[in-house]
């Protein structure tokens, strides 16, 4: 297979209640890239990523237009199972993602839908839980886990499907500093294309060399994360602010690691 | 309200029994109790002994069982009214003129209701939610119903927490309403709660479809019960059936 | 107030019969709701059930120092449709019975019939009937469902009285019981109506697309494309409109189910269902010598008198329910047919 990991063209979408969220979105993400998707609340970021595996949009019977390609293949109804395996979506609220009675059931849900059974399924579940360091909690119910643990299990539920593209919706929100660092260790160790919605700008700079800035249902800027964060006028125009005392030009980013 | 129900996490023979065996056992037991005529007092004594044995075997704290019995309070009130409102021949008890059928009826409701609740407590206190779902699935409850049950149990604590937070928010803003004000405040909050819950339901469905869900939930139950487990689980219920049958034989 | 009927409250034959009605209603609803649930996912129904469960724990004052709480049948019917609502209510009752030991297992059928089927169907059909009369806009669903909720509670109380007449263990004056139950539950129904109104207004204000009972009243969407061109699109129609004939068929089936279930009691009692259950055992015991002459000896006789009254009352209720349901369905069907032609 060839072509970019994600390619989106002139994407338009309105929700069933009449609220329009996307007004023509264009961007491309190459294989292996780590890209942050920045923007104020209500910019349409979550709506956009829900299009990437055909959950929303005309392919799912919704109201909208435009074109999406994943790994060079257009998004069509008949490809949906394959696209949903390739694009793993981690939702913002882990309680939305963890819907089965136990951690093990939940991580097994995706691979079971792919047709895995028996020991093959068990191995896949174990492997994914080891990747996020949660293998000792497999038999717990989600409501017995801490928030940070739930976030990690949510990542594991997607990793168990061995995705090519990992899409995360605000992965660092509501995490305490240690849990936030543990998650970044996990994410930077993964060998996948990464698209990450975040309000946590230092996190974006730490993990992603490139950023997209979205506002009012459109992409308004696309470039190196360091450049975007350093552009004070652009930031102010789209309600983005750096944490007190944070200077994006003086901290190490992913580009230094090579 | 916790998503664990009344589960008491100790290890016992009853805890280890497969859930579907326990559900069947509960049903058989309660059916035997319900079909026993109210006047066969000795039979209810035997049922009570059997249930105490079950509670002891399951290593349940007596206090928990007693506290949980309060769920039948409204019906105790109803039962206690029966001797006063029922018609038919009267009987004099401690200076009160009571209806005979009412007295027996009150006993009937109290005895059967209490035994039924204790039996149900033994099930819910020894069976985790996941096992219960697996048991119902094994008993061939329609898959859609098992799925709805599973999501309901999973999100019970999440929705209850939302409700709880909304009440705290209301009270921390100095809310202390009279009757009408209370109802209004509660009702407004409940509306917001529904929108929240429903939107969560939508997001969960999106999350499921993102991971390849196409309309069939994976099965939960993995192994069945051995015949010795069936025998062990049904022991008390079968004894109860024997008692219920004995009542008929003696009665005739 | 009597919410969850415990084990042994009704005799075994009544429990078995209501169990059959409940199983039939749930099976029918599963079949009817199958398509919706495939579209929107079982999670939505599960979350709705969790919501109903949570809200049932919120008490509101009724009067005389007592309180009531939402049953939620009519509300759930307006929000997710009658068939999913029956499943939601049944799920709530099943969890309460199995996970929280609330409501007897042999009384599950009775509880589902009263709180899961009667409240939902009465609430929904009244809501739909009123929507045909009220102005054709989204906001009309609030008063319509409010009326549905208000009526659903006393009707459930009346159904409870009917069941008591048939399968109650003790002979108490039914007129008094019915008056007390209905009178009290009108008050509870007011609380139910207020909460239903508030919930629906909130949902209509925020997510009008979520109200099942008013889906046909939704406005078209306006879409602006990448070049700024505006176009109008019909909103998603997750559920295709059903032909009127089928709706009528469903309505008739439901009416027959309700009427059939109730008149089954009326005709079968006192001879038919007597073979099962506590009464037989007790009556024979009483007629023999064991308890003869004791204060309990007359119980069997009073039981038969009870049965005659109960048969008549059940018949009347059965006919009434059938008429109400039938009228609502006929009205619905005729309006739909008019619109189609």
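When you check residue A:89 against the structure, is it modelled with pLDDT of 95 or more, within 20 Å of residue A:31 (Cα to Cα), surrounded by 17 or more Cβ atoms within 10 Å (Cβ to Cβ) and under 16 Å from the mean Cα position of the chain (by Cα), yes or no?
no
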Could you list, in sequence order, the residues of the range B:82-114 that are facing another protein chain (nearest Cβ under 7 Å), free of Cβ contacts under 8 Å to residues at least 60 places away in the same chain and in contact with a helix residue (DSSP H, G or I) (Cβ under 6 Å, 6 or more places away or on another chain)? B:82, B:86, B:88, B:89, B:91, B:101, B:102, B:109, B:113
Just wondering, is there one or more residues in the range A:91-106 that are in contact with a helix residue (DSSP H, G or I) (Cβ under 9 Å, 6 or more places away or on another chain), on the phi > 0 side of the Ramachandran plot and more than 8 Å from chain B (Cβ to nearest Cβ)? no
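Inspect the range B:57-80 for any residue being within 7 Å of another protein chain (Cβ to nearest Cβ), touching a helix residue (DSSP H, G or I) at 6+ places or on another chain (Cβ under 9 Å) and free of Cβ contacts under 8 Å to residues at least 40 places away in the same chain and give the result as yes or no.
Yes - at least one qualifying residue is present in the range B:57-80.
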Every residue in the range A:1-20 that is away from chain C (no Cβ under 11 Å) and buried (at least 18 other Cβ atoms within 10 Å of the Cβ), please. A:5, A:6, A:7, A:8
Residue check, residue A:48 touching a residue at least 60 places away in the same chain (Cβ under 8 Å) and closer than 18 Å to residue B:202 by Cβ: yes
Given (1) more than 30 Å from residue A:7 (Cβ to Cβ); (2) outside any helix (DSSP H, G or I); (3) away from every other protein chain (no Cβ under 12 Å), index of the condition residue A:139 fails: (3)
Residue ranges of helices (runs of 4 or more DSSP H) in the range A:205-258 with at least 2 members under 16 Å from residue A:172 (Cβ atoms): A:225-230
Can you pull out the helices (runs of 4 or more DSSP H) entirely within the range C:71-170 that have at least 3 residues that are touching a strand residue (DSSP E or B) at 6+ places or on another chain (Cβ under 9 Å)? C:141-167
Does the range A:117-133 hold any residues that are outside any helix (DSSP H, G or I) and over 22 Å from residue B:204 (Cα atoms), and which are they? A:117, A:133
Verdict on residue B:150 being under 18 Å from the mean Cα position of the chain (by Cα) and not assigned by TED's automatic domain parsing to the domain that holds residue B:17: yes
Among the residues of the range A:46-82, write down those that are assigned to a strand (DSSP E or B) and within 11 Å of residue A:12 (Cβ to Cβ). A:63, A:64, A:65, A:66, A:67
For the range B:140-170, give me the residue count where each residue is more than 19 Å from residue A:93 (Cβ to Cβ), in a helix (DSSP H, G or I) and at the interface with chain C (Cβ under 7 Å from one of its Cβ atoms). 5
Select, from C:84, C:48, C:106, C:40, the only residue that is more than 25 Å from residue B:22 (Cα to Cα) and over 18 Å from the mean Cα position of the chain (by Cα). C:40
Which of the residues spanning the range B:118-156 are free of Cβ contacts under 8 Å to residues at least 60 places away in the same chain and farther than 20 Å from residue A:97 by Cα? B:140, B:141, B:142, B:145
Only one of (1) within 13 Å of chain B (Cβ to nearest Cβ); (2) assigned to a helix (DSSP H, G or I); (3) closer than 24 Å to residue C:109 by Cα is not met by residue C:197, so which one is it? (3)
For the range C:17-38 the number of residues that are more than 19 Å from residue C:112 (Cβ to Cβ) and more than 9 Å from chain B (Cβ to nearest Cβ) is 2
Scan of the range C:15-55 for residues that are buried (at least 24 other Cβ atoms within 10 Å of the Cβ) and over 30 Å from residue B:162 (Cα atoms), ordered by number: C:15, C:17, C:18, C:25
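The values are calculated or read from the model by the stated rules, or taken from the named source; none is laboratory data. Bear in mind that the values here come from a model prediction, so they are computed numbers and not experimental data. Note: ideal-geometry Cβ built from the backbone for every residue, glycine included; neighbour counts use all protein chains shown.
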